[in-house]
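The structure appears right after this line, and notes come after that.
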Amino acid sequence: MGELMRRYWLPVMLSSELPAPDCPPVRVKVLSEELVAFRDSTGQVGLLAEHCAHRGASLYFGRNEECGLRCVYHGWKYDVHGNCVDMPNEPPESSFKERIHHTAYKTREAGTAIWVYMGPHDPPPPMPELEWTRVPAGHVYVNKRIQENSYLQNVEGELDSSHVSFLHWRFNRKVGALTDYASPAMLADRAPRFTVLNTDYGLLVGARRNVPGDDSQYFWRITQFMMPTFTMIPAPPGRYLDFTAAVPQDDENMIGLTVAWRPDRPLSAEDLAEIESWESVHTEVDKNFRPVRNRDNNYGLDRQLQKTKNYTGIRGIREQDIAVQESMGPIYDRRKEHLGSSDAAIISMRRRMLQAIKNLQEGREPYEVSHPELYRLRSAIAVLPREVPFDEGAKESLEATV
Amino acid sequence: MGELMRRYWLPVMLSSELPAPDCPPVRVKVLSEELVAFRDSTGQVGLLAEHCAHRGASLYFGRNEECGLRCVYHGWKYDVHGNCVDMPNEPPESSFKERIHHTAYKTREAGTAIWVYMGPHDPPPPMPELEWTRVPAGHVYVNKRIQENSYLQNVEGELDSSHVSFLHWRFNRKVGALTDYASPAMLADRAPRFTVLNTDYGLLVGARRNVPGDDSQYFWRITQFMMPTFTMIPAPPGRYLDFTAAVPQDDENMIGLTVAWRPDRPLSAEDLAEIESWESVHTEVDKNFRPVRNRDNNYGLDRQLQKTKNYTGIRGIREQDIAVQESMGPIYDRRKEHLGSSDAAIISMRRRMLQAIKNLQEGREPYEVSHPELYRLRSAIAVLPREVPFDEGAKESLEATV
Amino acid sequence: MGELMRRYWLPVMLSSELPAPDCPPVRVKVLSEELVAFRDSTGQVGLLAEHCAHRGASLYFGRNEECGLRCVYHGWKYDVHGNCVDMPNEPPESSFKERIHHTAYKTREAGTAIWVYMGPHDPPPPMPELEWTRVPAGHVYVNKRIQENSYLQNVEGELDSSHVSFLHWRFNRKVGALTDYASPAMLADRAPRFTVLNTDYGLLVGARRNVPGDDSQYFWRITQFMMPTFTMIPAPPGRYLDFTAAVPQDDENMIGLTVAWRPDRPLSAEDLAEIESWESVHTEVDKNFRPVRNRDNNYGLDRQLQKTKNYTGIRGIREQDIAVQESMGPIYDRRKEHLGSSDAAIISMRRRMLQAIKNLQEGREPYEVSHPELYRLRSAIAVLPREVPFDEGAKESLEATV
């Protein structure tokens, strides 16, 4: 799985974690590797193995200056490419520094996030053309969190349209328009039927619900799974759009990104107020990106709230998700699960992953990696005549325009 | 050993942890299994495997309502028997829920404690007829604690009459009546001789001390070991009676129960004041049942107190016991021990345990499990003529009356 | 390596940790053994295995009284030699106590430190005749700390004269006299050439720097490595002298001692003020000897300080060392290192260690252990004509006089 992950550009940091040239370096763990990120004097981001090639001191303590990160133990200095550009503790005539090639990964910045490519190919593949990475900075908001479970448990949650009617249920919610979050269809039909389509980029998942009092139409929530761990959850019309990514720190911890963007205009003050109410899919975190409501405080579980206001007694959609996903344990033992028809998307996603691993083992690189235009997608809610396949009926709204 | 433990009813919780129907569920760990306890709408106690059969979310976050515990992830609902009684995320025509049998253990309430049977037999065996489980609620007090060592180290301590003269020694204690705690015999003779008798329920242990200035009598402290891990420590005449149990959470942690009861009348305000002085065998705990004086604060060790007031410098008989038992390490390596004649009861208890394991491996169930009346016992202090065997001389006071 | 370490007297505690006869015992971990130290009624220091030979209770809770440490569980009492001198829970006629030989290690006090010999020889070898262990109490200051990495990473740092020009660099330091810390040679030449000489006690390491504007002389910093893990760092003329030791608690933690002494007179108030400024090689610790500036607070790293005042942004030479040594991980994987010419002393030290292990495996005891006079050494700074070998030119200043 790690080998497969290394085929993709992965978003691992916020650009704002490295706010300026020569700012302090930051520790990052990705795919079980301990790394240090820094922004050099020209603004380029470097991502180096944390421990100096000389004697292993952490480059986190390093001096970020004059286009390189310098180890404080003996002054060895690396550029963003991992070249050792200065070795002042050796005699000037020494050529030792030319023999040092420190682990360094290629980075890109897009959508106010820092992406890394940790794979074997040089040059690396193109960046996936996700819409939120192509809009101006003010159009996009990225929220980062650390979650203490395998990334897969998070991806499974994102693909699971059926839990919305339970885990995220708010009581006494006013019934809204048919395409709204509080759609009469969502409230009336809590056992959606899934249609999962294989695509070049991953899966297209349609969760179908009956429309109360209307035998001619279906209500569809349409979600994409994009390799390796990206998903898009549909927003009601008029709302900013949603994207999520789960990147393994290691087998038992993950970096979670939730992204809100508007293709056509900047996020408004109202949008930002909603995002930072921390009631929706974005979560309030501390300076280490650990959610403020976390395992240690039972995610703020309030049993009185659970009796009167919502299904869980936990505030915030993201915190509700984290609570159940972390409660499955660091790596859930799937021999114990009992999957039903509502888990169709999850089953398909695992098959897709396993197939991609098998392909790679047999020497076939993932197709979508070299076809970044496949990622130009949006998810959607659609109300369609019963006889119309959802991927056809919603075709236009599933395409990105930027 | 785990297989043997599963033959017995085990007390694991206070009834007061589940104070009312539909109250919040509680996490419990017993015999290395993570469980969730809840009291349903009819007042029955359920003890379920913690992780939902569907996708493993913790039922601790569950909704306890309408005669069942409901997982907040997708609304699956279980009754106290582990039946899946509702599965609202699947289509109504689905029969999937009939195929789900979630791990659920049988429970009973007795003596203000909740007992569990985790064994293979259905129906389960009868409950042991311990006197404290048969008196009215006001006659009994149960104190629960978590102790961070193997249950066996605790059982060994309970059976070890000889440590009382050291670990629990208070200086300058007034010499009391001959049968009192501060009996002249206890103070004068600190090397008791042990007589250990095998019984159908376990062991009957007599620790004999000389009576100062009286060559015709012996002072006897009589303690029972009842399978699998129950003990009774003698109280002086007039005092409430004492019982202890040690139940493994796992190999390195245990639930300890200490019980005080009066067969004939409610515990008095004076009794309760003594118990909750936390100076005797009961211990003050936090909301997670961890003792307030614990390993992290050296059990409140006060070296000045140790010089002037008692043997250890630690307040509280139970804390003194916990300090030495935990200090042996999570599982004491018994190849390092050097047992003397005062360890006779401990040696016999281990033999009894090993024999019971051997019997079970050869298909013989423990006899006492199907003979609950064997548990109708009390321990006693007795002063007997030297020629009278202790089990005969004290016969009457060793029998429960309720 | 453990077997080799056991051939040497090791300094593990401050005498002041056991300030008076019959004072409270103290837990100590050395060479992966859990021990309890106590000072008996006559002032002798005992170092016993922590867990009582009887049933394993910790002797840390013991009563230190009347020439022995008594376990509080059953009153067994041990003298400093590990003899069981009282066993009050066994009948007086029992001879059981004569059969108990509890693990006890020989101790000495010298230089206000407590030393232990954990090896196989009886009598133990003589104490190494280090100068600081032979001066009066007021002439010597010993600072103890716990460091969370293998002792070897600390020894490597002490021998590494080259890192001084980087890790410990203070900006804007006034250039001092030629033999001062801020010697023009130290500031101008940051790539010292090493000469490493094998000696009977270990290694004599000369780090040579050019003297600015003087082609006839070299500036030498001369450091000894003394088996098994002792080092001496040169001080400028007039300063008190420096010694360090690293003693393994286990494979991943060490006790570090830094020693300051004056051979000829007591340390002055100014000396002590400098030491306890915690800006030099001594470090401020809490009551458990953990440095106050430690991994959990990033050693007090101040990025603004790093830009303007010193190379690391960390206050204190010792804290700077600890930061890099701990950041290498508990045991640095040396397959990843890239050693250069400035690592000559480190390479030689490892060879010396490996040779000593090989010798021991073949039955040859370390020569220096039985030749304590070899340790009568001082380190030095010297400015010598280029043609003079440093060990000859500095011969006199490398000898202790006390």
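Bear in mind these aren't lab numbers, they're just calculated from the coordinates by the rules spelled out. Keep in mind it's a predicted model, so treat the numbers as computed, not measured. Glycine also receives a Cβ, built like all others from the backbone with ideal geometry; neighbour counts cover every protein chain displayed.
Cβ crowding within 10 Å ranks C:GLU252, C:GLU396 as C:GLU396, C:GLU252, fewest other Cβ atoms first. Label zone (B:VAL175, point 7 Å along Cα-to-C-beta; backbone nitrogen cut-off 20 Å) within the stretch B:215-236: B:215-221, B:236. Taking other C-beta atoms within 10 angstrom as a stand-in for reagent exposure, B:THR401, B:THR103 fall in the order B:THR401, B:THR103, fewest first. Result for chain C in a Gaussian network model with C-alpha springs under 10 Å: among C:MET232, C:MET127, C:MET87, the largest mean-square fluctuation is at C:MET87.
Taking 4.7 Å between C-beta atoms as the pairing limit, the protein assembly as shown has these partnerless cysteines: A:CYS23, A:CYS67, A:CYS84, B:CYS23, B:CYS67, B:CYS84, C:CYS23, C:CYS67, C:CYS84. Think of the protein assembly as shown as having a plus end and a minus end, set by charges on the Cβ of Lys, Arg, Asp and Glu; of B:ALA20, A:VAL28, B:MET186, B:ALA20 sits farthest toward the positive end of this dipole. Ranking B:VAL402, B:LEU339, B:SER379 by Cα position along the charge dipole of chain B, where only Lys, Arg, Asp and Glu carry charges on their C-beta atoms, puts B:LEU339 farthest toward the positive end. Taking other Cβ atoms within 10 Å as a rough exposure proxy, C:ASP271, B:ASP40, C:ASP122 sort from fewest to most as C:ASP122, C:ASP271, B:ASP40.
Placing unit charges on each Cβ (+1 for Lys and Arg, -1 for Asp and Glu) gives the stretch B:91-219 a dipole about its Cα centre, and among B:VAL205, B:THR103, B:ALA137 the Cα reaching farthest toward its positive end belongs to B:ALA137. What the Cβ-Cβ distance of B:ASN288 and A:ASN83 gives, at R0 = 60 Å and to the nearest 0.05, is a FRET efficiency of 0.65.
With Cα atoms defining each centre, the stretch C:205-242 and the stretch B:170-203 are spaced 70 Å apart in the structure. Shape index of the protein assembly as shown: Rg/Rh, with Rg the Cα radius of gyration and Rh the Kirkwood radius from the inverse mean 1/r over Cα pairs, equals 1.03. Placing unit charges on the Cβ atoms only, positive for Lys and Arg and negative for Asp and Glu, gives the stretch A:52-109 a dipole magnitude near 240 debye about its Cα centre.
Applying 1/(1 + (r/R0)^6) with R0 = 41 Å to the Cβ-Cβ distance of A:ARG351 and A:ALA273, what FRET efficiency is obtained, to the nearest 0.05? Numbers along the way, then the final one.
Values: r = 41 Å, r/R0 = 1.00.
So the FRET efficiency works out to roughly 0.50.
For the stretch A:280-333, applying the loop criterion from DSSP together with a ceiling of 11 other beta carbons within 10 Å to the chymotrypsin sites (Phe, Trp or Tyr not before Pro) yields no site. Each Lys or Arg adds one and each Asp or Glu takes one away; over the other residues whose Cβ falls under 15 Å from the Cβ of A:ASP79, this sums to 0.
Annotation: amide H of B:ASN310 within the under-5 Å range of B:PHE171, sequence separation 5 or more or interchain, hydrogens built in the peptide plane. Of all lysines in the structure, the ones whose alpha carbon falls short of 23 Å from that of A:LYS106, not counting any fewer than 8 places away in one chain, are A:LYS29, A:LYS77, A:LYS97, A:LYS144, C:LYS336.
Residues of the stretch A:15-33 falling in the label zone of A:ALA137, defined by backbone nitrogen less than 13 Å from a point 7 Å along Cα to beta-carbon, are A:15-21. Here r is the Cβ-Cβ distance between B:ASP250 and A:ARG99 and R0 is 51 Å; the resulting FRET efficiency, rounded to 0.05, is 0.50. Dipole magnitude for chain A: computed about the Cα centre from +1 point charges on Lys and Arg Cβ and -1 point charges on Asp and Glu Cβ, it is near 960 debye. Across the stretch C:203-218, rounded Karplus estimates of 3J(HN,Hα) from the backbone phi angles (6.51 cos²θ - 1.76 cosθ + 1.60, θ = phi - 60°) give 9, 10, 10, x, 10, 9, 10, 6, 9, x, x, 8, 7, 9, 10, 10 Hz, Gly and Pro being marked x.
What area, in nm² and to one decimal, does the C-alpha convex hull of the stretch C:221-362 cast on average over all directions?
Working: hull surface 46.7 nm².
Spelled out: convex hull of the Cα atoms, projected over all directions, averaged, 11.7 nm².
Our note on the geometry: Cα centres of the stretch A:373-397 and the stretch C:15-58, 75 Å apart.
With the contact rule set at Cα under 8 Å and sequence spacing of 6 or more, what percent relative contact order holds for the stretch B:35-104? Provide the component values of the computation, followed by the final result.
Numbers: 137 pairs, mean separation 18.3, N = 70.
Reported as a whole number, the value is 26 percent.
Mean residue ellipticity at 222 nm, helices only, chain C: -4500 deg cm²/dmol; runs of at least 4 DSSP H residues each add -39,500 (n - 2.57), and the sum is divided by the number of residues. Give me the net charge of A:LYS97's neighbourhood, meaning all other residues with Cβ under 11 Å from the Cβ of A:LYS97; Lys, Arg count +1, Asp, Glu -1. In short, -1.
Each eigenvalue of the Cα gyration tensor of the stretch C:77-141, multiplied by 5 and square-rooted, gives one semi-axis; in descending order these are 36, 14, 6 Å. Across chain C, C-alpha contacts under 8 Å between residues 6 or more apart give a mean separation that, scaled by the residue count, equals a relative contact order of 18 percent. In summary, the aspartates and glutamates within cross-link reach of A:LYS358, defined as a Cα separation below 12 angstrom excluding same-chain residues under 8 places away, comprise A:GLU3. Amide H to amide H distances under 5 Å link C:VAL85 with C:LYS77, C:TYR78, C:ASP79, where only residues 5 or more positions off or on other chains count and H is placed in the peptide plane.
The slack between C:THR42 and C:ARG193, meaning 0.36 nm per residue of separation minus the straight C-alpha distance, is 49.1 nm.
About its Cα centre, the stretch B:120-175 has a charge dipole of approximately 500 debye under the convention of +1 per Lys or Arg Cβ and -1 per Asp or Glu Cβ, with nothing else charged.
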